[in-house]
1. Using R₀ = 22 Å, calculate the FRET efficiency as 1/(1 + (r/R₀)^6) where r is the Cβ-Cβ separation of residue 297 and residue 223; round to 0.05.
2. Taking one equal scatterer on every alpha-carbon of the stretch 371-418, how large is log10 of I(q)/I(0) by Debye at q = 0.13, 0.21, 0.26, 0.31 1/Å?
3. If R₀ is 51 angstrom, what is the calculated FRET efficiency for the pair residue 97 and residue 286, using the beta carbon separation as r and rounding to 0.05?
4. Evaluate E = 1/(1 + (r/R0)^6) for residue 357 and residue 112, where r is the Cβ-Cβ distance and R0 equals 60 Å; express this FRET efficiency to the nearest 0.05.
5. Could you work out how far apart the two model spin labels at residue 382 and residue 125 are, taking each label as a point 7 Å from the Cα in the direction of the beta carbon, and quote it in nm?
6. What is the gain in length, in nm to one decimal, between residue 370 and residue 69 on full extension, counting 0.36 nm per residue of separation less the C-alpha to C-alpha distance?
7. Provide the percentage of antiparallel DSSP beta bridges, counting only those with both residues in the chain; round to the nearest 5.
8. Just rank 394, 5, 114, fewest to most, by other beta-carbon atoms within 10 angstrom.
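Just so it is clear, none of the values below were taken in a lab; they were calculated from the coordinates. In this text the structure is predicted, and so the values were computed from the model without any measurement. Neighbour counts run over all protein chains shown; Cβ positions are idealised from the backbone, glycine included.
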Ligand code: GDP
Ligand code: GDP
């Protein structure tokens, strides 16, 4: 069960500095594809063996001092809905402001764990200033300096201590978990309704122990899988849905807890920033992917040529990952609804593919022989052997070379493409590693 930590607070208190510190990323790592989820907003972290995700809710809005209180209120409510632990950052140099008071008054009403972080405590004297924050009614302020990193280790201990116990939900590990994701109005709740309707015999809610279960077991028509977070999707919260980060943050939990994501696109609209953000979350979590072009009933001219144009447009927007299935469907008329489920099942199988080492070498070594990696400064690079790693999340292959450091990305992509040509791996990411022989 993935845990999500949200960082909230007014502008300039140091949220993004803390985010970078926790995720060890730097803003300078720019994502080439404009409009995709930047590291500023979402990152992975690990502490004492517990993995978790961090979102900086402030990363979605223009960072200026006169940001509206209303905007911050939305962010805070979103964090309360979605996160397992909330870090409320305040600034010991500036002290308590009206906006801090407004944020605190919302946070006092939640049962979720809130840790008040008194940031910019760069020296011991500043620690005395932190006493002022008691008046926010959220317990002890926790003094750190996000800039120097002092206090962040203890803060992480505290955060991890608030996570719920692992293995809380009794899930059957061999049954695939599918998540339906996409921007608002793409048709997520419609397709979930088309899958499960109101037929109680098809679905079983899994009894969660300490919090609402996010899995629904679907067992009928030869299918057996879990749907992730159906309740959350069907229970609409239209108030917040105009916000881009709302749908993106909403997707995080579903994506992290799934094996295969069914990404809903609206056939009447092009691919936009929000679709790319959600796609990039799927990729960063190495999940399987089925793209559904929904509302196909609304497209008048549906001949093969039009479909091809759609397909090419989608693949070019999501490149370089292009090997995934695309289904043209309608949640409304139920056209190809079962095809979507069948395809998700196939992607799940692709994700768990095991290729015997002998077969892999038999196919790949002659190709490598014919097209070896380009030599580097007169040195020949030889790959003599390859194998698939056991027990990985997605199919992962190691190629052993005499000079692994000289095998570059384009050649790895060549190897990946060849593997994809030989075996059915549509919809699943795969990893290629080059190691010293
Ligand atoms: P955000 O708007 O809340 O995301 O704040 P930022 O992370 O962008 O930080 C605002 C400013 O405060 C930047 O100039 C940071 O370098 C600075 N800052 C952040 N953390 C600290 C800290 O621990 N000590 C000091 N002295 N400055 C900090
Ligand atoms: P969500 O926000 O992603 O859960 O989207 P909804 O399922 O609420 O759908 C948004 C709107 O699109 C609703 O008015 C649906 O009736 C409509 N809709 C969803 N799927 C289809 C479809 O396949 N065809 C048509 N014509 N309308 C659809």
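1. Details: r = 24 Å, r/R0 = 1.07.
According to the calculation, E is roughly 0.40.
2. The Debye formula, applied to the Cα set alone, gives -0.32, -0.77, -1.06, -1.30.
3. Efficiency computed from Cβ-Cβ geometry: 0.80.
4. On the way: r = 48 Å, r/R0 = 0.80.
Given R0 = 60 Å and the Cβ-Cβ separation, E is 0.80.
5. 6.8 nm
6. On the way: separation 301, 0.36 × 301 = 108.36 nm, distance 6.34 nm.
Going from the current span to full extension adds 102.0 nm.
7. Details: 22 of 63 bridges.
Looking only at bridges with both residues in the chain, the antiparallel portion is about 35 percent.
8. Values: 394 17, 5 25, 114 21.
Lowest count first: 394, 114, 5.
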